[in-house]
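Structure first, then comments.
The values are calculated or read from the model by the stated rules, or taken from the named source; none is laboratory data. Every value quoted in this text rests on a predicted model; they were computed, and no experiment measured them. Heads up, the Cβs are rebuilt from the backbone with ideal geometry, glycines too, and the neighbour counts pull from every protein chain shown.
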Amino acid sequence: MKKYTFLFVCSLFVCACSHQSAYIQTSQREVNQITASAAFPLHISLPTFPSLTMSVIDFGADATGSTFSTDAFQTTINAVSAQGGGTVVIPAGIYKTGPIVLQSNVCLYTEPNSFILFDPDIALYPLYDTSFEGLDTRRCQSPISAFDAENIAIVGYGTFNGSGDSWRPLKRSKVTDAQWKKQLARGGVVSADGKIWYPDEGARYAASLCVDQNIPIVQDDSIWTYIHSFLRPVMLHLVNCRNILLEGVCFENSPAWNLHPLMCTNIVLSHLTVRNPWYSQNGDGVDIESCSNVLITDCSFDVGDDAICMKSGKNEDGRRRGIPTERVLVNNCIVYHGHGGFVVGSEMSGGVRDVEVQNCLFLGTDVGLRFKSTRGRGGVVENIYVHDVNMWGIPHEALVFDLFYGGKGAGEETEEELLARMNASIPPVTEETPAFRHIVIEDIIAKDVVRAAYFNGLPEMPIENVTLRHIRMSAKHGALFRHTDTLTIEDMNVTAAEGEPIVFSSSVKHITQL
């Protein structure tokens, strides 16, 4: 991550004497410079805050981590917001806390050497109605959340740890013998086949109630209570908020997804470190869902699922919400482990459009660029521009479009399972049919990958109007294209150790090679 100097920019806020906080290092000028060359109009303003500053220590926070600081954190946040806004300072130290809720006009600043540990006691995280994996459901309150707030920021140098290893199911196949024994020593229970660890019997039972990934079908309130531990929260959940800045800090070890802005607008993620164990179940980095005007710049991701992901709701719930993710710029980010470096879907039923990814590096991600959906989603993904991305050590595809996505990570599904879906009868095109179109991918280097590219559209709705330009890939297997219409390939050099470098199936129509 690049080093950057302290910048202080004063800017008048409408009818108020607010300024960019002295604790914020990203300047409005820097944001403007990055977004000026975006492939679509993108106007983002950093939040501004009054000069009022309060420390959580003054409200009783314990910097030794011996006692809970939840009340001190929340009281300080509420007090600053009640006085019109300002900055809440978390000094160096170790803090144990339950969930906290951000309020409008509050900048949360973490000093160097500050560590905020969210206690794993599930009783601290009540259930509430929300959305997870694109569906309306119930989940636990997130460690950090905000609802209908504006002008909010988390900045500085601190680390937020979600104690996710106490919440997440753990697959035996993903860890060493020593790690498995350590997890069993925590207590909990193991599935009947001995392959999955759960924190308690309720979580194990909840898994049997899921017919769609991690969303249990429950009618009785007593069952919701019984399966409480299964309903693990995302680390940071921002709902219907605007003017958001997350800068400089580290978010790690989340119970489920790490960062989840939902139906938010005007968002900047800058110089963040986002990490989860590589084996963490649903351990996504950031999921931008039904949001607009977003900048993700100079961030580092090392996670257990998709790293930088665009979503907009799932199936009927997502279509009913009807809010696309749009006008997003991903700039100068690095991704280490992750199921995908940059990902669209699979929950994209409200649509994804006007997204640009540039100057990124993927090192060891399961897949590099990953576009995924399936029948039943509906929604349109269009106007995606990816360029100047380098990849190395990719154990599956450097580039994949999979419209037969089955809910598993790369390499976790058998060929028989995939073929069973592909060989099903072809349905008519309806509102449930997803569409991917108008996508440009250029100036890509991918070395030491297993398969260069894999396009697998739907026969009733092929992937449409994709341009691949100035691409260099060396792989064990080459590129395979299925169910694609209007494909332009210009200056694409694929070196395959086995088989043909580029293969077009009979289902690919209107190919232009330059």
Test for residue 120: is it touching a Pro at 6+ places or on another chain (Cβ under 7 Å) and farther than 26 Å from residue 30 by Cβ: no
Would you mind stating whether residue 260 is in contact with a Leu (Cβ under 8 Å, 6 or more places away or on another chain) and within 24 Å of residue 294 (Cβ to Cβ)? yes
Counting only residues that are polar (S, T, N, Q) and surrounded by fewer than 19 Cβ atoms within 10 Å (Cβ to Cβ), which one in region 88-124 is farthest from the chain's Cα centre (by Cα)? 113
Take the conditions closer than 30 Å to residue 439 by Cβ, more than 23 Å from the chain's Cα centre (by Cα) and either surrounded by 14 or more Cβ atoms within 10 Å (Cβ to Cβ) or of a type in the set (Ser, Thr, Tyr) (or both) and apply them to residue 37. Does it pass? yes
Any idea how many residues of region 282-294 are buried (at least 24 other Cβ atoms within 10 Å of the Cβ) and in a strand (DSSP E or B)? 5
Among the residues of region 116-148, what is the count of those that are among the polar types (S, T, N, Q) and assigned to a loop (DSSP other than H, G, I, E, B)? 2
Report yes if residue 342 is crowded, with 24+ Cβ neighbours inside 10 Å, in the same structural domain as residue 305 (by TED's automatic domain parsing) and closer than 27 Å to residue 41 by Cβ, otherwise no. yes
Members of region 228-262 that are within 22 Å of residue 298 (Cα to Cα) and among the small types (Gly, Ala, Ser): 248, 254
Inside region 149-164, can you point out the residues that are closer than 21 Å to residue 241 by Cα and not in a strand (DSSP E or B)? 149
Within region 367-485, which strands (runs of 3 or more DSSP E) (wholly inside it) include 1 or more residues that are under 23 Å from residue 289 (Cα atoms) and in contact with a Lys or Arg (Cβ under 9 Å, 6 or more places away or on another chain)? 380-402, 435-456, 463-482
Residue count for region 211-259, restricted to those that are assigned to a loop (DSSP other than H, G, I, E, B) and within 24 Å of residue 157 (Cα to Cα): 12
Restricting region 451-465 to residues that are buried (at least 18 other Cβ atoms within 10 Å of the Cβ) and of a type in the set (D, E, K, R), the one farthest from residue 364 (Cα to Cα) turns out to be 464
Here are 443, 491, 485: which of them is more than 28 Å from residue 363 (Cβ to Cβ), of a type in the set (Asp, Glu) and in contact with a His (Cβ under 8 Å, 6 or more places away or on another chain)? 485
Restricting to region 299-348, and then to whatever is among the acidic types (Asp, Glu) and part of a strand (DSSP E or B), can you tell me which residue is nearest to residue 389 (Cα to Cα)? 302
Considering only residues of region 295-325 that are surrounded by fewer than 23 Cβ atoms within 10 Å (Cβ to Cβ) and touching a Phe, Trp or Tyr at 6+ places or on another chain (Cβ under 9 Å), which is farthest from residue 165 (Cα to Cα)? 298
Any chance you could count how many residues in region 95-125 are β-branched (Val, Ile, Thr) and within 19 Å of residue 138 (Cα to Cα)? 3
Any residue in region 466-474 that is over 19 Å from residue 366 (Cα atoms), of a type in the set (Val, Ile, Thr) and in contact with a Phe, Trp or Tyr (Cβ under 6 Å, 6 or more places away or on another chain)? no
Have a look at 39, 79, 72 and point out the one that is at pLDDT 95 or above and touching a Leu at 6+ places or on another chain (Cβ under 9 Å). 39
